[in-house]
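Undergrad: My questions all concern the structure below.
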Amino acid sequence: MSENHIIFGTGPLGRSTAEALLKMGKTVRMVNRSGKMADTPAGVEILASDAYDVEKNIEITRGATAIYQCAQPHYYEWAEKFPALQRAILAAAIANGARLVVADNLYMYGQFSGSLYEDYPVQPNTKKGRVRAAMSQEVLDAHVDGKVQAVIGRASDFFGPYDGALTAYAMQPAVKGKTINLIGNTNQPHTFTYIKDFGLLLATLGTRNDALGQVWFAPSNPPLTQSEFVRLMEIELRKPVKYRVGGPVMMHILGLFDKEIGESVEMLYEWTAPYIVDTSKAEKAFGLKPTPMPQAIAETLTWCKAQGS
């Protein structure tokens, strides 16, 4: 009988994780509020449920081999809702003896110098960084206490098909010949992660006993400046790409009208200095390699073109 893997969240990361698990021959079910998903991967069952409901989570994950936490509330609701959401999913993993794979980002490390690695000191300097730090520590503590078998996968800013963040503001407009939006300093090196590489990491973590109890960074290409990223898009699109750059003042102003942008202001430090992530741990341990950047950009732009105007 195929292993049953259940993913909370049907966004770009949940989708990429599902696709990677399907290639491994696993049975995959995904959970969101509506029970619907655009372009559902063939073979995936979508369940409608409220992930904040502990009892419901326990019910729908009964018999699961692994549970993947890829869900999140709106960016501006993190402090109020995110911990409760993850705690409800953690409770289901504990109740059913299922492995828990948590998707995470890098906010808890705060500002750092040199290259960032998994065991770098946790020193959040933002509200969202403190939220993420507390959430991940709760999961790791539960693992150490023997309550659950857990593992955490983290990644830098990602792009790829179905992504509504970096892809939406810095790639989709380029396909349409419009000016794209960048932030901070466009000449600082930055590690970008392709969403499919992040999904493959999570799928790998959900199937490897030697991964448990640790933090792993998603394999990513050597850092690029935003200007270099744009140049790769120009090569693929075979046309110039114009861009505008948002700084702190502009972001603050836009944030008055858009809550998501408003919450992004405190994270600008990631884009004003070098942001270099060392992802060699997972690459060496699991034999994973990042999708070459030109290929990742080409695949993403192809998806963007398929979305139409």
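The values are calculated or read from the model by the stated rules, or taken from the named source; none is laboratory data. Keep in mind that what you see is a predicted model, and the values were worked out from it rather than measured. Counting neighbours? That spans all protein chains shown, and the Cβs are built from the backbone with ideal geometry, glycine included.
Undergrad: If the requirement is being among the aliphatic types (A, V, I, L, M) and assigned by TED's automatic domain parsing to the domain that holds Q69, which of these qualifies: A150, A174, A168?
TA: Numbers: A174 fails: assigned by TED's automatic domain parsing to the domain that holds Q69; A168 fails: assigned by TED's automatic domain parsing to the domain that holds Q69.
Answer to the check: A150.
Undergrad: Okay, next question. Residues in segment 281-296: is at least one over 30 Å from T207 (Cα atoms) and crowded, with 17+ Cβ neighbours inside 10 Å?
TA: To start, the set of residues in segment 281-296 that are over 30 Å from T207 (Cα atoms) comprises none.
No: zero hits.
The rows are residues; the columns are (1) within 23 Å of M108 (Cα to Cα); (2) in contact with a His (Cβ under 9 Å, 6 or more places away or on another chain); (3) among the β-branched types (V, I, T).
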{"position": "L200", "(1), (2), (3)": "yes, no, no"}
{"position": "G213", "(1), (2), (3)": "yes, yes, no"}
{"position": "W216", "(1), (2), (3)": "yes, no, no"}
{"position": "K239", "(1), (2), (3)": "no, no, no"}
{"position": "K242", "(1), (2), (3)": "no, no, no"}
{"position": "K259", "(1), (2), (3)": "yes, yes, no"}
{"position": "M267", "(1), (2), (3)": "yes, no, no"}
{"position": "Q295", "(1), (2), (3)": "no, no, no"}
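Undergrad: Looking at this structure, is T179 under 17 Å from the mean Cα position of the chain (by Cα) and either among the polar types (S, T, N, Q) or outside the structural domain of C70 (by TED's automatic domain parsing) (or both)?
TA: Taking the combined requirement at face value, the residue does not satisfy it.
Undergrad: Starting from residues that are surrounded by fewer than 18 Cβ atoms within 10 Å (Cβ to Cβ) and either touching a strand residue (DSSP E or B) at 6+ places or on another chain (Cβ under 8 Å) or among the aliphatic types (A, V, I, L, M) (or both), keep the ones in segment 144-171 and report whichever is modelled with the highest pLDDT.
TA: Residues of segment 144-171 surrounded by fewer than 18 Cβ atoms within 10 Å (Cβ to Cβ): 144-147, 164-165, 168-169.
Now restrict to residues that are either touching a strand residue (DSSP E or B) at 6+ places or on another chain (Cβ under 8 Å) or among the aliphatic types (A, V, I, L, M) (or both): 144, 165, 168-169.
Numbers: V144: 98, A165: 91, A168: 94, Y169: 92.
Only one residue fits best here, namely V144.
Undergrad: Here is a follow-up. What's the total number of residues in segment 93-111 that are touching a Leu at 6+ places or on another chain (Cβ under 9 Å) and either under 16 Å from I7 (Cα atoms) or assigned to a loop (DSSP other than H, G, I, E, B) (or both)?
TA: Summing the residues that are touching a Leu at 6+ places or on another chain (Cβ under 9 Å) and either under 16 Å from I7 (Cα atoms) or assigned to a loop (DSSP other than H, G, I, E, B) (or both) in segment 93-111 gives 8.
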